[in-house]
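Okay, so here's the structure we're looking at.
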Amino acid sequence: MSNLNEVINNLSSDDVKVRKETVESLVGTSDEEAIEPLIKATTDENAQVRFKAAEILGSMGDVAVDKLIEEFKNAEGKDKRFLAFALKETEDKKVIPYFVESTEDDDFGVRKVAVRALGELQAEDEIDSIAKCLEDEDWGVRLAAIQALGDLASVDAIKLIKDARKTETDKDFKKSCNKAIKKAEKRQKAKESGETIVKVIPISTIKEMEKTNLQKAIKEYERYVEAKQPKDAPYKRLCVLYRKENDYDNEVRVIETAIEVFADNDKKREYFEKRLAKLK
C-alpha cells in the first residue's frame, strides 16, 4: 500500500514527465485506492495523462463505474469529456441514462462521446435520443449519431441513416452514411442467422496493446472467444497471458472453448487438447 501511496502522490508532481510515467505504471490496476486520484488525473493539463487516466478507469469496469458516475454528474465542459470516455469504456449498461441526458450537454465533445456510447452499448430503447443528435449543430456529433445507428443495426436505425443521407450535402458525411448502412445490414444478417455480434479489433493491434495495457488486451482477445471466432491466435495468446497470471480457471475455459470451436480442424484442436492434458 505504501508503494501505491507513493505512486498516487506522483500523480500530483509538478514534473509532467513524472506524471506521465506514473499514470502508465497504473495500467492494469484494479485497486480502488487508485480510482479517485485517476479521476483527478482526467483533468490534468497534459492531454496524454488525461487520456491514459480515463482509459485505465474504463478498464477497471465495475470497480470504478459508480464513482465515475458520481463525478460525471457534477463535471462540466472539457473535464466531462474524459469522464464520458471512461464511462463508455466500462461497457456497463447502468451508464446509459447518463449518456441519454448528456446528448443535450452544452459541450459538443461530451455530446459526441455520449451518442457514440449509446450505439456501442446497444441502447436500442434510446433510438429517439440518438436520432435527435442527427440535428446537432456540430458535424462531429451528427457523424457520431450515424455511427451509433449503424451499431444498433435495426430496421428503424437504417431508415434514419438513409433519411439523413438524403438531406445531407457533405460528400464525406454521405460516405460515412453508406459505410454505416453497410455495417448495419451485415449485422442484421448475422443476427437473423443467430450469430453472436461482437465488436473485435485486429489481432495485430491487440498484440501491440499487450505492451501498454495488458488488461485491455485480455479484454479484447476475450471478445474473439465470446464470439467463438475461428481464429486460433486469440485463444493461444489468452492461454499464454492467463498462464503468466497463474489464472488456471480462465486458461482452462479458453482451451475448452477452443476445442469446441475447432472440433472439425484436427491440427488446431489437437494443439489445445495437448495443452489441456498438460494442465490436468
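Answer yes if at least one residue in region 57-72 is closer than 30 Å to Tyr242 by Cβ and not in a helix (DSSP H, G or I), and no otherwise. Yes, because at least one residue in region 57-72 is closer than 30 Å to Tyr242 by Cβ and not in a helix (DSSP H, G or I). Given the criterion more than 17 Å from the chain's Cα centre (by Cα) and under 21 Å from Gln122 (Cα atoms), identify the matching residue among Ser102, Ser12, Ser59, Ser25. One residue alone meets the criteria, Ser102. Looking across region 28-56, the residues that are more than 18 Å from the chain's Cα centre (by Cα) and outside any helix (DSSP H, G or I) come down to Asp31, Thr43, Asp44, Glu45, Asn46.
Just one of the listed residues (Asp156, Asp151) is closer than 27 Å to Ile56 by Cα, outside the structural domain of Asn265 (by TED's automatic domain parsing) and not aliphatic (A, V, I, L, M), and it is Asp151.
Would it be correct to say that Arg243 is more than 24 Å from the chain's Cα centre (by Cα), of a type in the set (Lys, Arg), closer than 22 Å to Ser30 by Cβ and outside any loop (DSSP other than H, G, I, E, B)? So Arg243 passes the test. For region 59-85, taking the residues that are among the small types (Gly, Ala, Ser) and buried (at least 17 other Cβ atoms within 10 Å of the Cβ), the one that is farthest from Arg116 (Cα to Cα) is identified as Ala64.
Restricting region 23-58 to residues that are among the small types (Gly, Ala, Ser) and exposed (fewer than 15 other Cβ atoms within 10 Å of the Cβ) leaves a set whose member that is modelled with the lowest pLDDT is Ser30.
The requirement of being at negative phi and touching a Ser or Thr at 6+ places or on another chain (Cβ under 6 Å) is fulfilled nowhere in region 157-178; no residue meets it. Could you tell me whether Glu91 is closer than 25 Å to Ala47 by Cα and out of contact with any helix residue (DSSP H, G or I) (no Cβ under 8 Å at 6 or more places or on another chain)? No. Within this structure, Lys20 fails the test of being buried (at least 20 other Cβ atoms within 10 Å of the Cβ) and out of contact with any Ser or Thr (no Cβ under 8 Å at 6 or more places or on another chain). Looking only at residues in region 151-164 that are of a type outside the set (A, V, I, L, M) and modelled with pLDDT under 95, the one that is farthest from Glu104 (Cα to Cα) is Ser154.
Does at least one position in region 123-131 carry a residue that is of a type in the set (Asp, Glu) and touching a residue at least 12 places away in the same chain (Cβ under 8 Å)?
Taking region 123-131 first, the residues of a type in the set (Asp, Glu) are 124-126, 128.
Add one more test, that the residue is touching a residue at least 12 places away in the same chain (Cβ under 8 Å), and what stays is 124, 126.
Yes - at least one qualifying residue is present in region 123-131.
The values are calculated or read from the model by the stated rules, or taken from the named source; none is laboratory data. Predicted, not measured: the structure shown is a model, and the values here were computed from it. All Cβ positions, glycine included, derive from the backbone under ideal geometry; neighbour counts span all protein chains shown.
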